[in-house]
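Please treat every number below as a calculation from the coordinates, not as lab data. Keep in mind the model is a prediction, meaning the values are calculated, not measured. Neighbour counts are summed over all protein chains in view; Cβ atoms, including those assigned to glycine, are modelled from backbone coordinates with ideal geometry.
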Amino acid sequence: MSIAQNLQDTLARIADAAIRCGRDPKDIQLVAVSKRFPATAIEEAIEAGQLLFGENYIQEAAGKIETLGDRCRFHFIGHLQSNKARTAAQLFDVIETVDRPKLARMLNKHLQELGRTMQVLVQVNIGEDEHKSGMAAEETETLLRAIEELEQLEVIGLMTMPPFTDDPEDARPHFRNLRLLAEDLREKGLFGDREKVELSMGMSSDYHIAIEEGATIVRVGTAIFGERY
Ligand SMILES: *Cc1c(COP(=O)(O)O)cnc(C)c1O
C-alpha cells in the first residue's frame, strides 16, 4: 500500500470514528508520525495533502525540517532533554511533550532569545506508567500555573501516551481520564479563555478509541508509513 492510500484510509477511519460518536471530523487533527522515515516519505505524504507531521528525535528531525519545513508543520512528540531545548525551540511549530517546570523555563528563555512564541501541550503520565515520561495528573495544575508566568509559551492542551498493552481497549480509561483532567483544569481557568482545549491521544492501534473519548489530535505513524525497523 502506498503512503497516499494509507493516508486516505486513516482519514476515512478518523471521520468514521468521529461521526459514530456525534463529533465533527474537522475537530480532529492528524499528526503523521514520520520518525525513522526519510524526508522522501514525508514528501510523498505532503503530495497526498498531509501537512502536519510528528517527530521524536531532534537530531533526526533537524535535516527533515530544514528540507521540508516551509511546506508543512512539525510537532515534537518525543522526550525532550534540556540540552536539546534550544534546537527544539528553533525547529518546531508545536512541542507536545512539556513535562516539567525546568524544561518549560528553558524553552521560554530560548524562545525569548529567538524572538518567538510557541504553542505547547503538557504531557501527562495519566496511566502512572514508570516507563513513560509526563507529569503526574495531580501535579499538572502546578505545572500549568508555572507556565502561566512564562510569556513565550501558550499551553493549548494535554498530551498522553497510555501504558502499552495488546488490547487497545485498555487505553480507553486513560484517554477518558485525560479528558476529565483537562475539563477540570479548564473549569479552574488554567486554559484562559481558549475555546478548544486540545487532547493529543491515540496512535495507530487505538486512535479510534481516543476519538470516542474526545481526542482532538491523533498521532499516527505505522498505519501511514508502515513498520519501523
Ligand atoms: C511513535 C509514536 C507515535 C506513533 O505510533 P504508531 O504506533 O506508529 O502509530 C505516536 N506518539 C508518540 C509519542 C510516538 O512516539
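Scanning region 2-15 for residues that are touching a residue at least 60 places away in the same chain (Cβ under 8 Å) and over 13 Å from Ala210 (Cα atoms) turns up Ile3, Asn6, Leu7, Asp9, Thr10.
Tallying residues that are of a type in the set (S, T, N, Q) and in contact with a strand residue (DSSP E or B) (Cβ under 8 Å, 6 or more places away or on another chain) within region 60-109 yields 2. Taking every residue in region 196-212 that is under 15 Å from Asp9 (Cα atoms) and in a strand (DSSP E or B) and pairing it with any residue that is among the small types (Gly, Ala, Ser) and away from the ligand (no atom under 13 Å from the Cβ), at least 6 positions away or on another chain, yields no pair with a Cβ-Cβ distance below 8 Å.
Restricting attention to region 56-92, the residues that are touching a residue at least 24 places away in the same chain (Cβ under 8 Å) and not hydrophobic (A, V, I, L, M, F, W, C) add up to 13. Residues being more than 16 Å from the ligand (Cβ to nearest atom), without any contact (Cβ under 8 Å) to a residue 12 or more places away in the chain and not hydrophobic (A, V, I, L, M, F, W, C) are entirely absent from region 93-100.
Looking across region 47-67 at every residue that is under 19 Å from the mean Cα position of the chain (by Cα) and among the hydrophobic types (A, V, I, L, M, F, W, C), the one that is surrounded by the most Cβ atoms within 10 Å (Cβ to Cβ) is identified as Phe53.
Within region 75-86, being within 24 Å of Leu30 (Cα to Cα) and either away from the ligand (no atom under 14 Å from the Cβ) or aliphatic (A, V, I, L, M) (or both) holds for Ile77, Leu80.
Here Thr165 meets each of (1) within 23 Å of Asp93 (Cα to Cα); (2) among the polar types (S, T, N, Q); (3) within 14 Å of the ligand (Cβ to nearest atom) with one exception, condition (1).
Looking at Leu178, Leu158, which is the one that is crowded, with 21+ Cβ neighbours inside 10 Å, within 15 Å of Thr142 (Cα to Cα) and of a type in the set (A, V, I, L, M)? Steps first, answer last, please.
On the way: Leu178 fails: within 15 Å of Thr142 (Cα to Cα).
When all the criteria are applied, what remains is Leu158.
Each row is one residue, and each column tells you yes or no for (1) within 21 Å of Met106 (Cα to Cα); (2) away from the ligand (no atom under 16 Å from the Cβ); (3) not small (Gly, Ala, Ser).
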{"position": "Glu141", "(1), (2), (3)": "yes, yes, yes"}
{"position": "Gln152", "(1), (2), (3)": "yes, yes, yes"}
{"position": "Gly189", "(1), (2), (3)": "no, yes, no"}
{"position": "Asp206", "(1), (2), (3)": "no, no, yes"}
{"position": "Glu227", "(1), (2), (3)": "no, no, yes"}
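Taking the condition without any contact (Cβ under 8 Å) to a residue 60 or more places away in the chain, more than 17 Å from Ile58 (Cβ to Cβ) and within 16 Å of the ligand (Cβ to nearest atom), does Val124 pass? Write out each step before concluding.
Values: without any contact (Cβ under 8 Å) to a residue 60 or more places away in the chain: yes; more than 17 Å from Ile58 (Cβ to Cβ): yes; within 16 Å of the ligand (Cβ to nearest atom): yes.
Spelling it out, Val124 is indeed without any contact (Cβ under 8 Å) to a residue 60 or more places away in the chain, more than 17 Å from Ile58 (Cβ to Cβ) and within 16 Å of the ligand (Cβ to nearest atom).
Candidates Ser200, Ser133: the one that is within 23 Å of Leu91 (Cβ to Cβ), touching a His at 6+ places or on another chain (Cβ under 6 Å) and among the hydroxyl-bearing types (Ser, Thr, Tyr) is Ser133.
Per-residue answers, yes or no, for (1) over 14 Å from the mean Cα position of the chain (by Cα); (2) more than 27 Å from Ala41 (Cα to Cα); (3) not β-branched (Val, Ile, Thr):
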site	(1), (2), (3)
Gly192	yes, yes, yes
Tyr207	no, no, yes
Ala210	no, no, yes
Arg219	no, no, yes
Tyr229	yes, no, yes
